[in-house]
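**Student:** Take this structure first; my questions come after.
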Amino acid sequence: MARRTIVTLPGDGIGKTVLNETLRVLNAVGFEADYVEGDIGWEFWCKEGNPLPERTIELIEKHKIALFGAITSKPKDDAAAELIPELQNKGLVYFSPIVSMRQHFNLDSCIRPCKTYKGNLLNFVRRTADGNIQEPEVDVVIFRQNTEGLYGGVEWSNPDDNVYKALNTHIKFRKNFADVPRAELSISTRIFSKNATSRILHAAFAHALKFGYKSVTLCEKPNVLRETSGMMFKMAKQIQAEEYPEIILKNTNIDAQMMWLTKNPETYGVLVAGNLFGDIISDGFAGLIGGLGFACSANVGDEVAVFEPTHGSAPKYADFPVSIVNPIAMIASACMMLDHINESDKANKIRKAIAEIVEEGKVKTYDMMKMSGRPDVVEKGAASTAQMTDAIIAKL
């Protein structure tokens, strides 16, 4: 088998740290690959006006597989203020490089598994009617449409004549916003296409069938968002009836789902949603298995796949003398990469090592000890980032 080349995208803050630790684990499990680093993130926005340079896009196009750490994002005006003087007032607008990457390569399926680690003190627990404590096992996979919806980037502030004229053709706009000065309007669109919606629905049902999940839950808001969520629900019913009759289709509204999340999380298998709601529900389920330190994800298209933890760059931790962040989410994301390239034996060895470390409870990062993230947590008994990695490698 030809030796693979993996594009590494460290990004900002703790992204660089957790990615380096992950490469140590991949080497330890015997995964042989060449790694080429791509430029991405805040540094390149500030000095080049582009957080995803064309040279990085070309690297990903060539090698097809990338491991991504994390990036820093800031609001529009704050981002513009940090450009170097030569780039100020040039009309440059910051746009998230991970969103740009998803759209450029059509990485339209975002897959986010959330599975309980036995023995994790951060696992969700609830009290039963007789006063006992119950710890339900969470085992869900969220399929999030990754390129459209509210993250599609079709937005305006103070819309121009053509946009304003088009908006005025809608009776709801004329009724509710006609008296609002145009300069005071900011508008974000929520666009769903049938093709992309069909793809994410098929991916969710196919995963449920392949891995033995009994249900797929559509988590949207069709009673209010009648065109977008409504279309997705209608398509889900048709796909289930015609192609996956053995899989139960459930339909929940996003607001109600966030309540039921902590009432009966063990009853859910595969969930599917549009971009924003998928982002919300995946973070909600991640909280039930220990938080973002355990939350991995894959961004998958027809040709390219990018694997990343769902946490951010956490810049406040990046400059600590000893890194304290939990690397498990990044390492688990690399396991998803190994699955994607048919190296599941190595992925399962790493997952087994992580599970054993968590269950034993001897090595715990600060979050696993329910400590505040401060530079002195290692002195108080928490494992550093490197020590957690060392423990996983020792198990391997």
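The values are calculated or read from the model by the stated rules, or taken from the named source; none is laboratory data. Quantities reported herein were computed from a predicted structural model and do not represent experimental measurements. Backbone-built Cβ (ideal geometry, glycine too); neighbour counts: all protein chains shown.
Every residue, every condition in (1) of a type in the set (Phe, Trp, Tyr); (2) in the same structural domain as Cys219 (by TED's automatic domain parsing); (3) loosely packed, with under 12 Cβ neighbours inside 10 Å; (4) touching an Asp or Glu at 6+ places or on another chain (Cβ under 8 Å), yes or no:
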| site | (1), (2), (3), (4) |
| --- | --- |
| Pro113 | no, no, no, no |
| Tyr117 | yes, no, no, yes |
| Glu135 | no, yes, no, no |
| Val138 | no, yes, no, yes |
| Phe143 | yes, yes, no, no |
| Asn146 | no, yes, no, yes |
| Lys165 | no, no, yes, no |
| Phe177 | yes, no, no, no |
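**Student:** Separate question: For region 354-382, what are the residues that are part of a helix (DSSP H, G or I) and touching a helix residue (DSSP H, G or I) at 6+ places or on another chain (Cβ under 8 Å)?
**Tutor:** Selection gives Ile354, Glu356, Ile357, Val358, Asp367, Met368.
**Student:** Same structure again: From the list Ala318, Ala391, pick out the single residue that is over 15 Å from Gly291 (Cβ atoms), in contact with a Gly (Cβ under 9 Å, 6 or more places away or on another chain), surrounded by fewer than 21 Cβ atoms within 10 Å (Cβ to Cβ) and of a type outside the set (Ser, Thr, Tyr). Walk me through it before giving the result.
**Tutor:** On the way: Ala391 fails: in contact with a Gly (Cβ under 9 Å, 6 or more places away or on another chain).
Just one listed residue meets the conditions, Ala318.
Rundown of residues vs (1) modelled with pLDDT under 95; (2) not in a helix (DSSP H, G or I), yes/no style:
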{"residue": "Cys46", "(1), (2)": "no, no"}
{"residue": "Lys62", "(1), (2)": "no, no"}
{"residue": "Lys74", "(1), (2)": "yes, yes"}
{"residue": "Pro113", "(1), (2)": "no, yes"}
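**Student:** Further, regarding this structure: Specify which of the listed residues (Glu266, Glu246, Glu303) is of a type in the set (Asp, Glu), farther than 30 Å from Leu59 by Cβ and part of a loop (DSSP other than H, G, I, E, B). Full working, then the answer.
**Tutor:** Details: Glu266 fails: part of a loop (DSSP other than H, G, I, E, B); Glu303 fails: farther than 30 Å from Leu59 by Cβ.
Testing whether each residue is of a type in the set (Asp, Glu), farther than 30 Å from Leu59 by Cβ and part of a loop (DSSP other than H, G, I, E, B) leaves just Glu246.
**Student:** Within region 136-164, can you find the residues that are within 22 Å of Thr228 (Cα to Cα) and assigned to a helix (DSSP H, G or I)?
**Tutor:** Val163, Tyr164
**Student:** Under 9 Å between Cβ atoms, at least 6 apart or on separate chains: pull out the pairs that start in region 80-92 with a residue that is under 11 Å from Cys46 (Cβ atoms) and assigned by TED's automatic domain parsing to the domain that holds Pro51 and end on any residue that is β-branched (Val, Ile, Thr) and surrounded by fewer than 15 Cβ atoms within 10 Å (Cβ to Cβ).
**Tutor:** Going by the 9 Å Cβ cut-off, the qualifying pairs are Ala80/Val93.
**Student:** Which of the residues that make up region 300-353 are touching a residue at least 24 places away in the same chain (Cβ under 8 Å), within 13 Å of Val29 (Cβ to Cβ) and touching a helix residue (DSSP H, G or I) at 6+ places or on another chain (Cβ under 6 Å)?
**Tutor:** Passing the criteria: Ile331, Ala334, Cys335, Leu338, Lys346, Ile350, Ala353.
**Student:** If you check Thr365 against the conditions, is it under 17 Å from Leu67 (Cβ atoms), among the polar types (S, T, N, Q) and not assigned by TED's automatic domain parsing to the domain that holds Glu137? Walk me through it before giving the result.
**Tutor:** On the way: under 17 Å from Leu67 (Cβ atoms): no; among the polar types (S, T, N, Q): yes; not assigned by TED's automatic domain parsing to the domain that holds Glu137: yes.
So Thr365 does not fit the description; no.
**Student:** Now for a different question. If Phe277 meets every condition in (1) of a type outside the set (Ser, Thr, Tyr); (2) outside the structural domain of Ile354 (by TED's automatic domain parsing); (3) surrounded by fewer than 20 Cβ atoms within 10 Å (Cβ to Cβ) apart from one, which number is that one?
**Tutor:** Against the list (1) of a type outside the set (Ser, Thr, Tyr); (2) outside the structural domain of Ile354 (by TED's automatic domain parsing); (3) surrounded by fewer than 20 Cβ atoms within 10 Å (Cβ to Cβ), Phe277 comes up short only on (3).
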